[in-house]
Structures are given as structure tokens and as C-alpha cells.
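Worksheet: one structure, shown below.
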Amino acid sequence: MLLHHIHFFSISMVFIMSIFFPNSIILKDKAGSPYVTCRAQRRLLWILCSHSGGRQRKLNPSRLAGCQHVWRLRGHRSLVSVSCSGAAHTGNRQQLFPKTTPRMDDCAQQRPLFTFGVIADIQYADIDDGLNYTRTRRRYYRSSLQLLRNAQESWSESAVKPEFILQLGDIIDGFNKGHDASDRALDTVLRQLGSSPVEVHHVWGNHEFYNFSRSSLLSSKLNSSLLGDRSRARAGSDIYAYHFSPFPGFTFVVLDAYDVSLLGREESSEEYRSALSLIKQHNNNQDLNCPPVLEGLQQRFTMFNGGFSKDQLDWLDSVLSSADEKQQRVTIVSHLPVHPCSTTPICLAWNYDELLAVISSHSSVVCVMAGHDHDGGYYRDKDTGVHHLTLEGVIETPPDDNAFGTVSVYEDRMVLKGSGRIPNREFLFSRCHSDTDDRAG
Ligand SMILES: Nc1ccn([C@@H]2O[C@H](COP(=O)(O)OP(=O)(O)OC[C@H](O)CO)[C@@H](O)[C@H]2O)c(=O)n1
């Protein structure tokens, strides 16, 4: 009750302020969500949220019946929700917020066709907490294992048990290598994952290559294309890309975002040489982990990123052509995000534009899921209707919080039930969509 009053008050303040600051009240963030621009407004809303116990965890949208619009305040973990209709400014453009529709509630009544779990950037290491490279975020190496346990407990208790788990890459941290603990750390996490009977599909991230060579990964338990007795078409002999169908009419494609990369390629190989030549066209720094520029999409040309080879893109094209013909719904999974509006540019795949071009030439793709950007992100492509989700990373999630999701799949949508700092989202499958769908996503 108190929360509702505080929401009402905070929302009223936003609208009152919109009268005084008509051109600056709300802009879209990288995830396409509106955020408050004026410092005074941010401050006020931050205070309101903080005083209402406004951590995202406590204001989880699923607990706020009827809330359709959830606003993330940039730089804060707080959320402000809007459960009424009204007008707000997005830059110079006025947008009318539609009336709330209880679609997620509708879905809660239906039984999904199937469900699956998602988790990203566990980056487990048996070492004390540390900081990210730029020293702006804390990393909880040891407790990431407990957060994985929390996810598994939740998945095992859910009414409809997940058909499979998507592990979106960076399962253990690169620090393990320096401690000669790569195998031990991987065993620890895989043992934990193996404690529940559900199949896990592993994506490979940069930290996989800090710990292991490409050839050893291909013959390891992290090669989930070898799992089960279903046939899983692979992209090529040393490209880790495959597809599987957990339910009739639905296909999942796991992509290899480090197929073109300095990581995981032998320095003597042709693949290494061509990746080096590509990155050097964009990055003049001695240290290629250091982005070439401070702003803009060119920042993606760092050594901790990579891209998709022509072979892999051609393979994807043929998988998607077949899915189009069968009118299937395809979800693509990659460690690196591929839409600039779903992530900070420093985490984008090198040739994200080429992948987007392939996606846009097929009607079957409904969603792309990625990790790598630990802050997460979301954007629905205006042209294709494809949902681009970047999942918040476990490694930068405090031990008393959570970062995993459970996705329920229906005929016409997927519903992500986020836990902890992962917001709930709804991914409608319609190709043509209105602003309503975009914002509700
Ligand atoms: N400016 C930088 C950034 C990173 N490095 C080195 O690159 C390696 C990977 O960094 P890390 O932050 O561990 O990579 P994650 O995959 O966990 O996260 C990606 C971030 O979200 C991108 O911002 C590591 O060896 C760093 O030391 C660097 O040298 N210079």
C-alpha cells in the first residue's frame, strides 16, 4: 500500500516536472527505456526510490500488478513504475503512453508450451571479490556459485520445469588461469549445474578463451552441441555454432561470437592473422584491449570482443531459410550483443551489422539473447520486430541479490520472469509492432 502511494507520488512528480521541463524530462536509454534527464529530477526520483526501499529487487515489476512501464534511472539500480496512462516527452517528440494491458497476467493463467532458464557471465573463481577493469563495478567471484545455486533452486521449484538452461558464456573467470585453477573452477561450476537433471546449452565468451584453447573447448563439456541424441547441425569443424529444437516449431541457434577473434586462435594461424589485420584497421593502440576511441560504436574493436566469419553467417542464413519455410520461431544466442541499442558499444560484436543484415532477411527470428555487458540491456528492433536482450551478469551481482531468468514460451510470445536485478519482459512474436509492444517488452 505504502509502495503504491510512493509510486503515485513519484509519478505525479514526474508529470508535474514535465510541465516545468518540457524538453528534458524523459529520453530513451540504450535499452529503449525512458530515463529521466534533469539532474534534479534524477536526484528526486532516486531519493523517492531509495526511501521506498527502491532497490530493483524490491520493486520487481512482477509484484506491481498492472504496471506496464518501468523506468530505469541511469546510474542507479532503482526503478520507477508507471501504472497509469499519460503523456511524456521523449526528446522533442511527444509520445502517448497507452493504457495498461494486463498481458503478462493473462499469460500467468495459461500453461506455457515450454520454459527455459537463462543465466549469464557467472565468471566463477575461488578468489576474493575484486573490481572490473575500470574499477567502477564490484565483482563477486566466489559468491557467483551461490547465485547459480539460487537459480537452480528456483528453476527446480517452478511449476513448469525448464526444458533446458541457456548459459550465455563466461562461465568461469580468466583469473583462474593465473592460479592454475581453470579445470578445477570449471569442474566446480559444471558439478553445480549437473546437480539438476536439465540439459544446459553453453555459449562461449572471452573468458572461456582466457582459460582454454579452442581445440580443448571443442572436446570439453562446454561443447553442448555434442549433448543428447538429437541431431544438432554444426556450422563447421572448429566453429562452435549449432541449432536445436526443444519443441516443435521452435529453434534455438547458438552462435560463436569469437569465430573471428584474436582469442582462441593460434598466433600462427590464418584466422589469427586476419583477425589481427581487421582489429588493427580500427584500433591503433599498443594494448588492443584498450578501445580505440572513447565514444561511439568504434569502441567495439577491442581484443576482448570478436565476430562471425562469412562461413558462420552463410550457415546461419541457411538455417534461417529453412526455419522461415517451416514458419518456425527462432531465438539466436550469442555471448556478444549484436544490436547497438541493446548494449554499451564497447561490448558489441565486431561485425554486428553483418549479423543484423542476415537476421533482417528472415522472418523466423524473434529474439536474440546475449551476455557480456554485465549491466544488461534490451531493445526491440523497429524494422524487424526482433527482441534483443542482453542479460545482466551474475559476476557483478551482490551476494544478497540474484541475476537469472525463467522464460515461458507461448504460441505468440515469450515471457521472461527475471529474478533479482533482471527485469521482467515480454517478447511478442509479431513482426509488425506498435510502440505499445516495444515499450511493454
Ligand atoms: N580497458 C580494458 C578492459 C579490459 N581489459 C582486459 O581485458 C580482459 C577482459 O576484461 P574483463 O573486464 O574481465 O572482461 P568481461 O568479459 O568480464 O567484461 C567485458 C566488459 O563488460 C567490457 O567492458 C581482461 O584481461 C582485462 O584485464 C583491458 O586490458 N583493458
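The values are calculated or read from the model by the stated rules, or taken from the named source; none is laboratory data. Since we're looking at a predicted model, the values are computed, not measured. Cβ: placed from backbone, ideal geometry, glycine included. Neighbour counts: every protein chain shown.
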Practice task
Please enumerate the residues belonging to region 395-431 that are more than 16 Å from the ligand (Cβ to nearest atom) and among the β-branched types (Val, Ile, Thr).
Solution key: Thr406, Val407, Val409, Val415, Ile422
Handout entry: Residues being within 16 Å of the ligand (Cβ to nearest atom), among the small types (Gly, Ala, Ser) and closer than 25 Å to Phe212 by Cβ - total across region 248-300
Key = 4
Practice task
Of the numbered conditions (1) over 19 Å from Tyr352 (Cβ atoms); (2) at pLDDT 95 or above, Ser274 fails exactly one; give the number of that condition.
Solution key: (1)
Fill in the blank from the handout: Restricted to region 371-385 and to residues being touching a residue at least 40 places away in the same chain (Cβ under 8 Å) and more than 16 Å from the ligand (Cβ to nearest atom), the residue nearest to Leu148 (Cα to Cα) is Tyr378
Exercise for the section: Report yes if Glu392 is within 16 Å of the ligand (Cβ to nearest atom), assigned by TED's automatic domain parsing to the domain that holds Ala151, within 25 Å of Thr136 (Cα to Cα) and buried (at least 23 other Cβ atoms within 10 Å of the Cβ), otherwise no. Expected result: yes
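So, Asp238, is that one more than 16 Å from the ligand (Cβ to nearest atom), touching a helix residue (DSSP H, G or I) at 6+ places or on another chain (Cβ under 8 Å) and in a loop (DSSP other than H, G, I, E, B) or not? First the steps, then the outcome.
Values: more than 16 Å from the ligand (Cβ to nearest atom): yes; touching a helix residue (DSSP H, G or I) at 6+ places or on another chain (Cβ under 8 Å): yes; in a loop (DSSP other than H, G, I, E, B): yes.
Yes.
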Problem - Which listed residue, of Gln327, Gln298, is over 24 Å from Val118 (Cβ atoms) and in contact with a helix residue (DSSP H, G or I) (Cβ under 7 Å, 6 or more places away or on another chain) - result: Gln298
Exercise for the section: Would you please name the residue that is farthest from the ligand (Cβ to nearest atom), looking only at residues in region 156-173 that are over 26 Å from Phe212 (Cβ atoms) and surrounded by fewer than 22 Cβ atoms within 10 Å (Cβ to Cβ)? Expected result: Ala159
Completion exercise
Going through region 125-136 in order, the residues found to be touching a helix residue (DSSP H, G or I) at 6+ places or on another chain (Cβ under 8 Å) and more than 12 Å from the ligand (Cβ to nearest atom) are Asp126, Ile127
Practice task
May I ask you to list pairs of residues, at least six apart or on different chains, whose Cβ atoms are under 9 Å apart, with the first in region 148-166 being closer than 19 Å to Leu227 by Cα and the second being among the charged types (D, E, K, R)?
Solution key: Glu163/Glu199; Phe164/Glu199; Ile165/Glu199
Problem - Complete set of residues in region 323-366 that are acidic (Asp, Glu) and touching a residue at least 12 places away in the same chain (Cβ under 8 Å) - result: Asp324, Glu354
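Among the residues of region 391-407, which ones are part of a loop (DSSP other than H, G, I, E, B) and of a type outside the set (S, T, N, Q)? Quick ask: steps written out before the conclusion?
The first filter runs over region 391-407 and keeps only residues part of a loop (DSSP other than H, G, I, E, B), leaving 391-393, 397-402.
Residues satisfying the conditions are Leu391, Glu392, Gly393, Pro398, Pro399, Asp400, Asp401.
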Fill in the blank from the handout: Condition set of a type in the set (Val, Ile, Thr) and over 26 Å from Glu411 (Cα atoms), scope region 303-358, selection farthest from the ligand (Cβ to nearest atom): answer is Thr343
Exercise for the section: Keeping to region 319-351, report how many residues are polar (S, T, N, Q) and either modelled with pLDDT under 95 or more than 26 Å from Val407 (Cβ to Cβ) (or both). Expected result: 1
Exercise for the section: Could you check, for region 294-302, whether at least one of its residues is of a type in the set (A, V, I, L, M), closer than 21 Å to Leu428 by Cα and assigned by TED's automatic domain parsing to the domain that holds Ala151? Expected result: no
Handout entry: Given (1) within 16 Å of the ligand (Cβ to nearest atom); (2) of a type in the set (Val, Ile, Thr); (3) closer than 18 Å to Gly393 by Cβ, index of the condition Val368 fails
Key = (1)
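In region 177-225, how many are part of a loop (DSSP other than H, G, I, E, B), among the acidic types (Asp, Glu) and within 16 Å of the ligand (Cβ to nearest atom)? Quick ask: steps written out before the conclusion?
Of all residues in region 177-225, those part of a loop (DSSP other than H, G, I, E, B) come to 179-181, 195-198, 203-205, 212-213, 219-223.
From what's left, among the acidic types (Asp, Glu): 180.
Subsequent filtering for residues that are within 16 Å of the ligand (Cβ to nearest atom) retains none.
Adding up the residues that qualify gives 0.
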